[in-house]
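Read the structure below first, then the notes.
The values are calculated or read from the model by the stated rules, or taken from the named source; none is laboratory data. Quantities reported herein were computed from a predicted structural model and do not represent experimental measurements. Counting neighbours? That spans all protein chains shown, and the Cβs are built from the backbone with ideal geometry, glycine included. For the accessible areas, the whole protein counts, side chains as well, though only heavy atoms, and no ligand, DNA or RNA atoms are used. Shrake-Rupley method; radii C 1.70, N 1.55, O 1.52, S 1.80 Å.
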Amino acid sequence: MKPRISSVFLIAVLALGNVVSIMAGGRLETTDLTGNIPSPIAGHTLARVIGMQWDSRSIPVQYSMNTSLDPVPNPLGAAFLSVADAQAAMQDSFDQWNNIPTSYIDMQITKSTAKTSLAGFDFINEITFRTSAGFGAIASAPSVTLIRDVTLVDGDDIDGDGDSDVSNAISVVTDVDSDGDLEFPAGFYKAGTILDNDVQFNTKVSNGFRFTIGAANMDTVTRSVDINTVATHEFGHSHGLAHSMDNQSSLGNGDGATMFPFIDTGDPQAEFEQAILAQDDIAWSSYVYPEGSAASGPAALQPGDVAFDQAFGLITGELRHGPLNQPLAGGSVYAVDAKSTKSYTVASGYSGTTFLSRSAAGGLFFLPNVADGVTNGNYVIPVPTGIYFVGIEAVDGAPAAPGNISFTCQIGGAYGQQNFVEEFWNKASNTNGLRTFGERQAVQVIAGNPVPKVNFRTANSISVNNFGARTNIGFINVVPGFMYAMRIPGSQVAAITPGQDIGIQGVSFDTTVVDSSVPVHFAQAMLTTGVVNPDNSVTINLAKPLQVTSNFLSQESDFGTLYFPQPHLLGKKVRGAIGTGEIENLFLVLQVPTNSPFPGVSGQPPLIGLSNQAPLLGASYISTNGGATWALQPGFNFRFSLVMSAPVP
């Protein structure tokens with residue numbers, strides 16, 4: 001099981017004074033109570049969900065390194081890492097972000113502190129190996145933000161420690177009184193401004209981690225992890241970036257964005273790659289802190305900088321839930337390089353302008369009506385100049401859950417909106433009619449120029465899911481060419497929306513890998529036909545499949561779909577053949593690579609999702625001899641799905 005790199009975002013309860021549209025993206029979120037707008041829930045205030053970021057007067061962001069645990073504790077044995085070495089490694093991780101030419105973010109370790117207390121809201125941006133007893137993550141980077149627009153005045157004591165946190169004698173954040181904490185310049189600040197950020201690394205004996213430095217020290221011990229990998233991820237949160245859904249960047253690369261919320265600590269290659277920023281990470285840091293967006297100050301161009309609007313363009317549009325006829329909150333929208341032969345995912349974002357309800361005690365609640373909680377389904381994806389295919393995916397727990405991402409994704413989940421299937425944008429993607437999910441229409445982006453809106457309306461998808469929740473994955477140590485198959489009775493397909501045209505859009509396979517650095521490749525995937533023999537064995541027609549592809553790229557801890565080119569013709573053909581008795585059963589077939597050994601440090605094949613939840617249908621089979629014979633696997637339902645569509649009512 002992959003340990004989770006988690007981020008805790010704290011909301012500063014500051015009564016510091018309407019509502020505008022904002023496009024959700026790859027940003028950590030807080031709420032804005034400016035204007036004290038009454039909520040539809042009596043006694044509550046409407047809380048607009050917004051992104052958080054540092055004010056330009058806080059740049060460079062100054063951090064203090066906690067040296068009170070030196071050497072760094074090692075829960076697996078004797079301490080071996082000095083704080084000085086850890087600090088140097090962490091500054092290298094800061095510099096991964098600082099050196100982006102199109103982003104003006106600048107984070108520096110400028111001081112040290114020997115505090116023996118835990119980090120907290122004290123206007124000291126602290127990096128520490130001290131964590132609370134119940135802390136279970138590898139690391140976290142909690143921020144305190146303003147939740148209202150406010151004018152700070154000289155002498156304000158915001159954290160209540162008796163010391164002024166605001167000075168009119170400075171124009172940038174400075175420790176003006178040399179007492180160890182930082183003061184903010186007097187002036188106006190927007191809601192969402194970060195006031196304090198702390199980064200905590202878990203080294204507790206009970207459930208902590210040993211932090212190593214450098215590729216030579218990476219290993220397969222799951223409680224041992226590269227500090228640069230973890231720090232680079234957490235420092236993304238430190239300057240306001242949310243988790244990304246990108247965990248597999250292309251056909252040839254199983255690694256994804258640094259900001260993906262999980263890390264495979266048993267795979268050194270995955271650790272190494274996740275420490276290096278992906279294009280998705282670079283795009284969002286640049287979007288939030290765009291170089292060249294001001295004539296002076298941190299955003300002004302300096303030697304080596306590149307203006308954001310000279311390098312990036314924006315793909316924008318709206319995502320709506322077709323069957324519900326609602327703007328959709330928290331759907332993942334992603335851009336794939338159309339010129340790449342390896343289907344390289346460049347960047348992604350999340351849809352929706354959203355609201356929560358805040359009680360007088362500070363609790364946040366979902367609003368009872370979608371119209372109050374979701375204003376629109378707008379999204380934005382910052383991408384370099386290029387040509388892209390644009391796709392959508394639900395944030396439904398595979399590969400990450402709404403709670404791993406943002407308030408906006410959780411809002412969409414609470415309203416039942418995260419229940420659509422993946423598809424690419426084409427001319428029919430904003431209609432209620434039948435369309436081809438896998439058809440892709442390219443979108444050209446030229447930096448600094450507007451791009452026509454890329455709007456989606458999710459389709460009325462019908463998935464035959466003869467399985468329960470994933471309870472297991474399998475199978476390891478199988479022979480090359482090992483095959484899986486799941487049977488779907490023709491009668492089940494015939495009973496779906498009888499009398500209506502349907503499209504058989506594709507087949508989806510729940511898949512994963514042992515080593516996250518390895519892309520999820522299978523030798524072939526297919527939809528075919530077959531029969532159950534009198535002795536209850538099956539004969540599957542591999543010679544003349546209905547649809548088949550070789551070198552199938554699936555997805556890690558998610559459903560990967562083999563899309564079909566003419567789904568409506570295929571639907572008509574299959575339903576007709578079922579009606580005449582020509583087709584008795586459909587079979588969804590997946591074959592692991594035929595080459596040996598399998599790639600990755602573990603040497604294991606790609607795996608599939610299994611469910612042992614009742615009812616067990618006796619419709620899942622394996623073959624070790626290329627499909628000549630098949631053995632029933634009665635203890636599991638394979639998590640394979642037939643994806644169909646019909647017109648939205």
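Tabulated values for the structure
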quantity: In Å², nearest 10: area of His237 left accessible to a 1.4 Å probe; calculated: 0
quantity: Projected area, mean over directions - the range 43-141, Cα convex hull, nm²; calculated: 9.6
quantity: Relative contact order of the range 505-595, defined on C-alpha pairs under 8 angstrom at six or more residues apart (%); calculated: 43
quantity: Using distinct alpha-carbon pairs, which all enter the 1/r mean, Kirkwood radius of the range 323-424 in Å; calculated: 14.5
quantity: Descending Cα extents along the principal axes, the range 400-439, whole Å; calculated: 32, 18, 12
quantity: Across Lys339/Lys573; Lys339/Lys544; Lys190/Lys339; Lys453/Lys544; Lys342/Lys544; Lys427/Lys544, pairs whose alpha-carbon gap is larger than 30 Å; calculated: Lys339/Lys573; Lys339/Lys544; Lys190/Lys339; Lys453/Lys544; Lys427/Lys544
quantity: Within the chain, helix-based [θ] at 222 nm, where runs of 4 or more DSSP H residues each add -39,500 (n - 2.57), nearest 500; calculated: -3500 deg cm²/dmol
quantity: Ratio of Rg to Rh over the range 192-304 (Cα coordinates, Kirkwood Rh, two decimals); calculated: 1.03
quantity: For the chain, radius of gyration divided by Kirkwood radius, i.e. Rg to Rh on alpha-carbons; calculated: 1.00
quantity: For the range 514-649, convex hull volume per residue from C-alpha positions, Å³; calculated: 155
quantity: For the range 594-649, the Rg and Dmax computed from alpha carbons only, in angstrom; calculated: 15.9, 50
quantity: Against the rule of thumb 2.2 N^0.38 Å, how large the Cα Rg of the range 140-200 comes out; calculated: 1.10
quantity: Rounded if a/c under 1.5, otherwise prolate or oblate - the range 100-147, Cα gyration tensor axes; calculated: prolate
quantity: Local electrostatic count, Leu632, Cβ distance below 15 Å [Lys/Arg +1, Asp/Glu -1]; calculated: 0
quantity: Computed over the range 214-356: relative contact order in percent, which uses C-alpha pairs under 8 Å that are six or more apart; calculated: 20
